[in-house]
Amino acid sequence: MHIVHTLPDLRAALAAHNQPAFVPTMGNLHDGHLALVRQARPLGDVLVASIFVNRLQFLPHEDFDSYPRTLEADAAKLRAAGCDVLFAPRESDLYPEPQTFKVQPDPLLADILEGQFRPGFFTGVCTVVMKLFCAVFAGKAQGTAVFGQKDYQQLMVLRRMAQQFALPIELVAGPTQRADDGLALSSRNGYLSETERQEAVQLSLALRALAREAVAAAHALPGQVAALEQRAREALAARGWQPDYLTVRRR
């Protein structure tokens, strides 16, 4: 596996290839990331992963500075999973000057749900993904990028971005990977204490229960669905949670 840090070195590593398969990450990799890498393996003639903690998608009070940087361990995991090229740029490589040009996503997609509570988040995501797409796919006939369904809103926003910019890139969805008790795998699960980790599974249980109720009430009026959502939020709040949102959406 080649490990490269600069755009010229990345392009040199990909010069002989025409159909990259790409998995972008922020590192601190777990089995969910590696499942995406394995899914991407047969989708191109070279498999590229990136590790970059993107300042633009963090709000001032969030964990940009403390987000785990585990490049050596991540590289070993990617190598074992069959990755061909790891692109791990420094911030100065990807943002050599202040990023004053940004990709502004459609607010109908990006200013709801997570975007409502993290203003500017999807602008930061779209901007860095567009830069990574330009780095990996420039001059290529076509390519594929694999994103996890755990961040489903992000997947929808990025698919729409690729469509509107007519990018020759297919965005493929990877299923959410879960622990044995049902909790979705996440790099930030490592922040949880043992007690918090045991409690965290209640979110998965609440989502599954809400999904069952929503399917059973498939022809219900919007107000009835809203009542189901409210009841689910109240059930978590009764356990000490402060959920930002818990809602039903159609694909």
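Restricting Arg251, Arg233, Arg178 to those that are more than 22 Å from the chain's Cα centre (by Cα) and either crowded, with 16+ Cβ neighbours inside 10 Å or among the basic types (Lys, Arg) (or both) reduces the list to Arg233. Tell me, please, whether a residue that is among the aromatic types (Phe, Trp, Tyr) and closer than 24 Å to Gly174 by Cβ can be found in the stretch 108-118. No, the stretch 108-118 has no match at all. All of Gln224, Gln202, Gln163 fail the test of being out of contact with any Phe, Trp or Tyr (no Cβ under 6 Å at 6 or more places or on another chain), farther than 30 Å from Ile51 by Cβ, at pLDDT 95 or above and surrounded by fewer than 17 Cβ atoms within 10 Å (Cβ to Cβ), apart from Gln202.
Which of the residues that make up the stretch 9-47 are acidic (Asp, Glu) and in contact (Cβ under 8 Å) with a residue 40 or more places away in the chain?
Across the stretch 9-47, the qualifying residue is only Asp31.
Screening the candidates Ala220, Ala226 for the property of being part of a helix (DSSP H, G or I) and outside the structural domain of Leu109 (by TED's automatic domain parsing) yields one hit, Ala226.
Kindly indicate whether Thr127 is touching a residue at least 40 places away in the same chain (Cβ under 8 Å), in contact with a helix residue (DSSP H, G or I) (Cβ under 7 Å, 6 or more places away or on another chain), over 16 Å from Gly27 (Cα atoms) and in a strand (DSSP E or B). In short, no.
Residue check: Val125 meets all listed conditions (1) farther than 18 Å from Glu62 by Cβ; (2) of a type outside the set (D, E, K, R); (3) buried (at least 16 other Cβ atoms within 10 Å of the Cβ) but one, namely (1). Please work out if Phe133 is aromatic (Phe, Trp, Tyr) and outside any helix (DSSP H, G or I). Taking the combined requirement at face value, the residue does not satisfy it. Exactly one residue out of Pro107, Pro119 is farther than 29 Å from Ala13 by Cβ and either without any contact (Cβ under 8 Å) to a residue 24 or more places away in the chain or of a type in the set (Lys, Arg) (or both), and it is Pro107. For the stretch 185-196, the criterion of being within 30 Å of Val136 (Cβ to Cβ), at pLDDT 95 or above and touching a His at 6+ places or on another chain (Cβ under 6 Å) is met by at least one residue.
All told, Pro68 meets the bar of being under 21 Å from Gln177 (Cβ atoms) and either assigned by TED's automatic domain parsing to the domain that holds Cys134 or modelled with pLDDT of 95 or more (or both).
Residue-by-condition table, conditions (1) small (Gly, Ala, Ser); (2) under 24 Å from Ser187 (Cα atoms):
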residue: Asp65; (1), (2): no, yes
residue: Pro96; (1), (2): no, no
residue: Gln99; (1), (2): no, no
residue: Gln104; (1), (2): no, no
residue: Phe121; (1), (2): no, yes
residue: Gln142; (1), (2): no, no
residue: Tyr152; (1), (2): no, yes
residue: Leu158; (1), (2): no, yes
residue: Ala162; (1), (2): yes, no
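The values are calculated or read from the model by the stated rules, or taken from the named source; none is laboratory data. Everything numeric here is computed off the predicted structure, so don't read it as measured data. All Cβ positions, even for glycine, are placed from backbone atoms using ideal geometry, and neighbour counts span all protein chains on display.
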